[in-house]
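In what follows, a structure is listed as structure tokens, so that the remarks can point back to it.
The values are calculated or read from the model by the stated rules, or taken from the named source; none is laboratory data. All values derive from a computational prediction rather than experimental measurement. Positions of Cβ are generated from backbone atoms using ideal geometry, with glycine treated the same way; all protein chains shown enter the neighbour counts. Protein only, heavy atoms only, side chains kept; ligands, DNA and RNA dropped before computing areas. Shrake-Rupley method; radii C 1.70, N 1.55, O 1.52, S 1.80 Å.
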Amino acid sequence: MPRLKYYSDSDDEPEIKRITTPSAATTSKKPFSRKRSVHAALGGGKVANILLWRDRNLSGGILAGATLIWFLFDVVEYNLIELLSHISLFAMLFLFIWSWSAQLVDRNPPEIPETIVSEKTFKEVAWAFHSRLAHFVSTLQDIASGKDLRMFLMVIGSLWVVSVIGSACNFTTLLYFGFLCVHTLPALYERYQAEVDHLLERGLEDLRKFYKKFDSKVLDKIPRGPTKNKKFN
């Protein structure tokens, strides 16, 4: 409700000024409003910069490399052993020519960077993979326990959709499609965040209505055991 505030002077009549207070509609938060930015939600590091295309050359290079690998495996139909053999062959030829030409011009021979073969780097990668895998297994076990039936049904439906997509294409194409989604969707969402949030809000509202109907017509009719604890003498 607007409030009325009175100001009086000795010579003038009381003046009424209207001060409006923000209504509940304007102060209510949107269901998809976030306090953190997309960059902060992704960790705020180098990975977030790559996924959000802060460095277009680096992100484009990674996308081009992934596209080349998919092209070699899926279109040219390279197998893994043949591809690794050819890569090793060209790498050895390149290092041989570089070393031979370095001796002619009195330069130092090429050296492999320490970060590539560092034991610390391998341990960090293995630890990160282990922590993510443990978190994934723990989350999957928590969902499968049936504590949240809606989440359980959503995961079952998502896995079924993935299985249908996987039956229509091979593993390499599916992996490349997943990489494309991870590499492009965060940047597109950051650019069109308002529009995407609006569509997601409407979609979730329809999903809630469908779940309420499904809960009242199907889940409520499933017989359940007694909930009261029995006392034993």
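What the table below lists for this structure:
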item: Residues located in region 48-69, provided they are open to solvent by less than 40 Å² (accessible area, probe 1.4 Å) and over 13 Å from residue 182 (Cα atoms); result: 60, 65
item: Residue that is modelled with the lowest pLDDT [pool: residues in region 206-226 that are open to solvent by 80 Å² or more (accessible area, probe 1.4 Å) and not in a helix (DSSP H, G or I)]; result: 226
item: Count of region 153-205 residues which are open to solvent by less than 80 Å² (accessible area, probe 1.4 Å), among the aromatic types (Phe, Trp, Tyr) and within 20 Å of residue 73 (Cα to Cα); result: 2
item: Selected residue [open to solvent by 60 Å² or more (accessible area, probe 1.4 Å) and either farther than 30 Å from residue 72 by Cα or not charged (D, E, K, R) (or both)] from 132, 150; result: 150
item: Region 196-211 residues that are in contact (Cβ under 8 Å) with a residue 24 or more places away in the chain, paired with ones that are open to solvent by less than 80 Å² (accessible area, probe 1.4 Å) and outside any helix (DSSP H, G or I) (beta carbon under 8 Å, 6 or more apart); result: 197/32; 197/33; 200/32; 201/32
item: Which numbered condition residue 173 misses (of (1) touching a residue at least 12 places away in the same chain (Cβ under 8 Å); (2) under 30 Å from residue 40 (Cβ atoms); (3) of a type outside the set (A, V, I, L, M)); result: (2)
item: Of residues in region 97-108 being loosely packed, with under 10 Cβ neighbours inside 10 Å and among the aliphatic types (A, V, I, L, M), the one modelled with the lowest pLDDT; result: 105
item: Complete set of residues in region 109-126 that are modelled with pLDDT under 65 and of a type in the set (Ser, Thr, Tyr); result: 115
